[in-house]
1. Name the single residue that is surrounded by the most Cβ atoms within 10 Å (Cβ to Cβ) among those in segment 1-29 being assigned to a helix (DSSP H, G or I) and of a type in the set (Gly, Ala, Ser).
2. Among Asp65, Asp84, which is farther than 20 Å from Thr123 by Cα and acidic (Asp, Glu)?
3. Between a residue in segment 326-346 that is of a type in the set (A, V, I, L, M) and at pLDDT 95 or above and any residue that is assigned to a helix (DSSP H, G or I) and surrounded by fewer than 17 Cβ atoms within 10 Å (Cβ to Cβ), which pairs come within a Cβ distance under 6 Å, given they are 6 or more apart or on different chains?
4. All but one of (1) without any contact (Cβ under 8 Å) to a residue 40 or more places away in the chain; (2) under 25 Å from Arg162 (Cβ atoms); (3) buried (at least 23 other Cβ atoms within 10 Å of the Cβ) hold for Arg242; state the number of the condition that does not hold.
5. For Ser263, which of the numbered conditions (1) hydroxyl-bearing (Ser, Thr, Tyr); (2) more than 23 Å from Arg331 (Cα to Cα); (3) buried (at least 24 other Cβ atoms within 10 Å of the Cβ) fails to hold?
Amino acid sequence: MSFRRIGIWQTAFLGDAVLTLPLLQNLARAFPRAEITYFVRKGLGPLFEPTPGLQVQEMDKYGRDSGSLGMARTLASIRRQGFDLWVSPHTSFRSAIISALSGIRTRIGYDSPPFNKAAYTHTCSRRFAELEEIERVLQLLSPISVPVRETWPGLSLDPLAREKAGDFWAKHTTSPVLGVHPGSTWATKKWPGTYFAGVIDMVQENLGMQVMLFAGPGEEQAAREIKNLVRRPELLLDLSGRLDLPGLAAFLQRLDCYLCNDSGPMHLAWTQKTPVVALFGPTTRSLGFFPRGKHSTVLETDLECRPCGLHGGRSCPREHHRCMLDITPQRVFEVVKGKIHARQGT
């Protein structure tokens, strides 16, 4: 079986798009002459465009591409491009409709939700309770017998973003750097700002490290709160709101340690083998989205109410939020310290 034009549809969040990269890598290896197009949600395109041989198209699913007219435009565009293989790790009803009406000869998706069986020519089990997310996505290769040889997401950085990060490091850093990113899409995944500030104080006073503060769109208030709480705000390298997505990825690659919540940027860090300390509350390893590799550490609290959902939520269902509050700043500091000492060989 051979394919000339392959479309991969993954319009979910940043982390989902990163975790789908091994699927693209294995397809590129199996079909080296095929043109591969990656469909991602609006705003993520520049992150993946530097990937060699990959075409990227953004979908404005809450804007221009929403509704019946948006879907009609999307379908017309897909049909014009002449795909002969379509693979979708996205399980929404809209994604199923687009697949079903695309006219593409070979379409692969999961066998659930039930409507997927009518939308795809080939389906496979996601095996959610057994596998982590990367392996779940790679199940989609089984109907066309593509061997899995790569499971680590290969992220290609934008050369200009890499250069800008290098220039910033040369001008502003004189010691190991801890990156702190307090944001997350889901409120219950957020560690308290006072806790982040406490770790920053300990790091500055005891390790002599510099601290970079990151915040994406909508996270600026969380960064301001932390900056107002730390003892030495003038020592912070405040990057909040100043980096686009390719720039953030380039900065994360250079960090000596990255402290973050369960979030999309976390996946940008561990895929580049940056030492990560990730704080997990409402979500658990069983859901399949933990950071990987020997440089990643997840801190969590053992509670019978975890996990309370696939993504977390706006508020704690038990109204105590202990899953995050019981992870103390001192505990986090000790892990950060261990990673810095290991990196320095001390």
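1. Ala17
2. Being farther than 20 Å from Thr123 by Cα and acidic (Asp, Glu) holds for just one of Asp65, Asp84, which is Asp65.
3. none
4. Exception for Arg242: condition (3).
5. Failed condition: (2).
Here's the yes/no breakdown for (1) surrounded by 15 or more Cβ atoms within 10 Å (Cβ to Cβ); (2) under 13 Å from Leu236 (Cα atoms); (3) modelled with pLDDT of 95 or more:
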position	(1), (2), (3)
Val148	yes, no, yes
Leu155	yes, no, yes
Lys164	yes, no, yes
Phe168	yes, no, yes
Leu178	yes, yes, yes
Pro182	yes, no, yes
Trp191	yes, no, yes
Gly208	no, yes, no
Val211	yes, yes, yes
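Conditions (1) over 30 Å from Asp158 (Cα atoms); (2) hydroxyl-bearing (Ser, Thr, Tyr); (3) touching a helix residue (DSSP H, G or I) at 6+ places or on another chain (Cβ under 8 Å); (4) not assigned by TED's automatic domain parsing to the domain that holds Gln204, marked per residue:
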site: Leu248; (1), (2), (3), (4): no, no, yes, no
site: Trp270; (1), (2), (3), (4): no, no, no, no
site: Val277; (1), (2), (3), (4): no, no, yes, no
site: Pro291; (1), (2), (3), (4): no, no, yes, no
site: Arg306; (1), (2), (3), (4): yes, no, yes, no
site: Asp326; (1), (2), (3), (4): yes, no, no, no
site: Gln330; (1), (2), (3), (4): yes, no, yes, no
site: Phe333; (1), (2), (3), (4): yes, no, yes, no
site: Gly338; (1), (2), (3), (4): yes, no, no, no
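The rows are residues; the columns are (1) hydrophobic (A, V, I, L, M, F, W, C); (2) touching a Gly at 6+ places or on another chain (Cβ under 7 Å); (3) within 23 Å of Thr151 (Cβ to Cβ); (4) not assigned by TED's automatic domain parsing to the domain that holds Leu245.
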{"site": "Leu44", "(1), (2), (3), (4)": "yes, no, yes, yes"}
{"site": "Pro52", "(1), (2), (3), (4)": "no, no, yes, yes"}
{"site": "Met59", "(1), (2), (3), (4)": "yes, no, no, yes"}
{"site": "Thr74", "(1), (2), (3), (4)": "no, no, no, yes"}
{"site": "Arg79", "(1), (2), (3), (4)": "no, yes, no, yes"}
{"site": "Phe83", "(1), (2), (3), (4)": "yes, yes, no, yes"}
{"site": "Phe93", "(1), (2), (3), (4)": "yes, no, no, yes"}
{"site": "Ser99", "(1), (2), (3), (4)": "no, yes, no, yes"}
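The values are calculated or read from the model by the stated rules, or taken from the named source; none is laboratory data. Bear in mind that the values here come from a model prediction, so they are computed numbers and not experimental data. All Cβ positions, glycine included, derive from the backbone under ideal geometry; neighbour counts span all protein chains shown.
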